[in-house]
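Values in this text are rule-based calculations from the coordinates and carry no lab data. Remember, it's a predicted structure, so these values are computed and weren't measured experimentally. Cβ placement follows ideal geometry from the backbone for every residue including glycine, while neighbour counts extend to all protein chains displayed.
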Amino acid sequence: MPATAPLTPVNHDRDSSGMTYVYPVVSRRAGGVSLGINLNPNNACNWACVYCQVPDLMRGAAPEIDLAQLESELRAMLTNILHGDFMQTRVPEGGRRLNDIALSGNGEPTSARAFPHVIELIGRVMADFGLAGRIKLVLITNGSLIDRPRVQDGLRKMAALNGEVWFKFDSATASGMRTINQTRISPDKQFERLTLAARLCPTWLQTCVFALDGAPPSDAEQTAYLAAVTRIRQQRIPLQGVLLYGLARPSMQPQASRLSALPADWLAAFAEKIRAAGLSVKVSS
Ligand code: SF4
């Protein structure tokens, strides 16, 4: 795709900016531009979710991050968005506002060893562009590394920058996590990490629901999920709520042909059950 192609809500190509770490996205969900930071240009993640949209996904961690290059890319892109012709030439009318900076790349961003330094760097650049407190900083994470001190350090720094964590939580059972996320992590351990995240930085659960081989999540899966929501309420874990997604874009994984979107009324009914269990829900089908 040429670097000058207009961005559309379906054009999330990480290469659209021609940069290594920084890519702009017009977000249909947020109604504006989100500036993505990709700390995994090697397409490496410690999970392998069946719905993952990363092409050529491989198991692994983020590579060493070139902080000087990241900073210069971020400054160049923000200059173009805020003071250049980016909005006029690349963004359809109606979406010409910068909503957030999102650490959301082709793998798990917290696997970057420099993660807390990256947050510091983003904070410094946001301050220089007058964006501190004016736009959100979002971390989209599978949460599996939040028990590491350097990740917690990064989350504390995010909290000071109007940050939000979107914590992946597709299933509350070991078998569901094995099937959907292809990880052997124990749900209890993951719940502990969720608790840690929520106590360090405002945190949303991010849940993707879909049909697998034509079947929606089983009654047992739904019951386990709702029990986790009840536990969150009972233990007064300060979660912001649930971001409930359907399949918005095609999976790039070998299981893609087995997945299909659920009807909007299925999502609406599940959202009601989550609300009844005590958490607010934003649905995006
Ligand atoms: S955690 Fe995110 S990047 Fe990793 S496999 Fe799942 S969807 Fe893809």
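Against the chain, whose longest principal axis is taken from its Cα atoms, helix 264-277 shows a tilt of about 70°. Relative to the longest principal axis of the Cα atoms of the chain, helix 219-234 runs at roughly 70 degrees.
Restriction of the trypsin sites (Lys or Arg not before Pro) in segment 229-285 to DSSP coil positions whose beta-carbon has at most 14 other beta-carbons within 10 angstrom yields Arg236. Size check on the chain: the Cα extents along the three principal axes, sorted descending, read 52, 38, 33 Å. Compute log10 of I(q)/I(0) for segment 181-281 with the Debye formula, placing one identical point scatterer on every Cα and leaving out solvent, at q = 0.12 Å⁻¹, to two decimals. Taken in order of the listed q values, log10 I(q)/I(0) reads -0.44. Normalising the Debye intensity of segment 44-193 to I(0), with uniform scatterers on Cα atoms only, and taking log10 at q = 0.09, 0.13, 0.15, 0.20 Å⁻¹ returns -0.33, -0.67, -0.87, -1.28.
What the phi angles of segment 195-202 give under the Karplus curve with 6.51, -1.76 and 1.60, with θ = phi - 60°, is a coupling list of 4, 4, 4, 5, 7, 9, 7, x Hz, glycine and proline written as x.
Where the alpha-carbon atoms of segment 64-106 are placed on the principal axes, they occupy 38, 21, 14 Å, in descending order.
In terms of distances greater than 26 angstrom between alpha carbons, the cross-link table entries Lys136/Lys273; Lys157/Lys273; Lys168/Lys282 yield Lys136/Lys273; Lys157/Lys273. Within the chain, DSSP assigns beta bridges of which about 25% are antiparallel (rounded to the nearest 5). The 3J(HN,Hα) values that the Karplus relation (6.51, -1.76, 1.60; θ = phi - 60°) gives for segment 108-115 are, in residue order, 8, x, 6, 6, 6, 4, 7, 3 Hz. Gly and Pro appear as x.
Quick note on segment 104-224: its Rg to Rh ratio, both from C-alpha atoms and Rh being the Kirkwood radius, is 1.03.
With contacts taken as Cα pairs under 8 Å and at least 6 residues apart, the chain reaches a relative contact order of 17 percent. Taking Cα centre as origin and charging only the Cβ of basic (Lys, Arg, +1) and acidic (Asp, Glu, -1) residues, the dipole magnitude of the chain rounds to 660 debye. Of interest is the spacing of the C-alpha centroids, which for segment 184-214 and segment 90-168 amounts to 18 Å. Coupling constants for segment 43-56 follow from the phi torsions by the Karplus curve (6.51 cos²θ - 1.76 cosθ + 1.60, θ = phi - 60°), and in residue order they are 6, 10, 9, 7, 10, 9, 4, 5, 9, 4, 8, 7, x, 6 Hz; glycine and proline get x. Averaging the sequence gap over all C-alpha pairs within less than 8 Å and six or more residues apart, then dividing by the number of residues, gives segment 50-176 a relative contact order of 26 percent.
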